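Only one structure is covered here, and it is reproduced in the block below.
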Amino acid sequence: MELITHILVILLLVVSILAIGKLWVVLNGVQRTVVEFGPTRKKLDATLQQAAALLKDLDELTREEIKPMLVKARAALTSLEVTTRAAAETTAGLRNLIGAGESDSRGAVVAKLAVAAGARIAMNAAAGLAKAAVQRLLRGRRPAPQEPPARRRRRISR
C-alpha cells in the first residue's frame with residue numbers, strides 16, 4: 001500500500017509540474033498579447049482624436065458655410081416665389097381685361113398680344129431671378145479681388 005501511495009504522490013507531482021508548465025506558457029502568451037496591444041491602443045487613440053477633429057471641422061463648416069448658404073437660398077427662393085406670384089396676378093388681370101374687351105375684335109387681338117408679351121416678360125424675369133439665385137448659391141463666397149499684374153516699363157535703347 002505504501003508503494004501505491006508513493007506512486008500516486010509521484011504521479012500527482014508530475015501532473016502538477018505539467019500543469020504549472022502549461023500555466024507558464026499561457027501566461028507568457030497573455031504577456032505577449034498585452035505588449036502587442038500597446039501600439040494598437042496608441043493607434044486607436046490617434047484615430048479617435050483624428051475623428052474628433054474631423055467632426056469639429058465638419059460642425060464648424062456646417063455653421064459657417066452651409067447654414068448661411070441655405071439662408072441665402074431660402075431668401076432667393078422666396079423672392080422668386082413673390083415674383084412668380086406677381087407675374088401670375090398680372091397675367092390673370094390681363095386675361096380679365098381680354099374677357100371684358102372681346103366684343104371689339106381689334107381690342108381683343110391687341111389684348112391677347114399684350115397678355116402674351118406680359119407673360120413672356122414675366123417668365124423671362126422669373127427665369128432670370130432663378131438663374132441669379134442659383135449662381136449666387138453656387139458661387140458661395142466671392143474670392144478676393146486680384147490685383148492686375150504690374151506693367152513692365154520698356155527700356156529705350158540709345
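Here, each number is a calculation from the coordinates, and none is a lab measurement. Keep in mind that this is a model prediction, so the values were computed, not measured. Glycine gets a Cβ as well: all are built from the backbone with ideal geometry, and neighbour counts include every protein chain shown.
Quick notes on this one:
- Potential extension, A75-T5 segment - 0.36 nm per residue separation minus Cα distance: 15.4 nm
- Part-to-part distance (alpha-carbon centres) for segment 39-73 and segment 120-135, which is given in Å: 37 Å
- Cβ-defined net charge surrounding R74, 11 Å radius [Lys, Arg +1; Asp, Glu -1]: +1
- Beyond 14 Å, the tail of the calculated P(r) for segment 32-89 holds 74 percent of the Cα pairs.
- Placing R0 at 22 angstrom, the Cβ-Cβ distance between R95 and R120 gives a FRET efficiency of 0.90 after rounding to 0.05.
- Net length available on complete extension from E60 to T84 is 5.1 nm, with 0.36 nm assigned per residue and the Cα-Cα distance removed.
- Difference of contour (0.36 nm per residue) and Cα-Cα distance, Q31 to V134: 30.8 nm
- For segment 4-39, the residues whose amide N sits under 17 Å from a probe point set 7 Å from the Cα of L48 along the beta carbon direction are 37-39.
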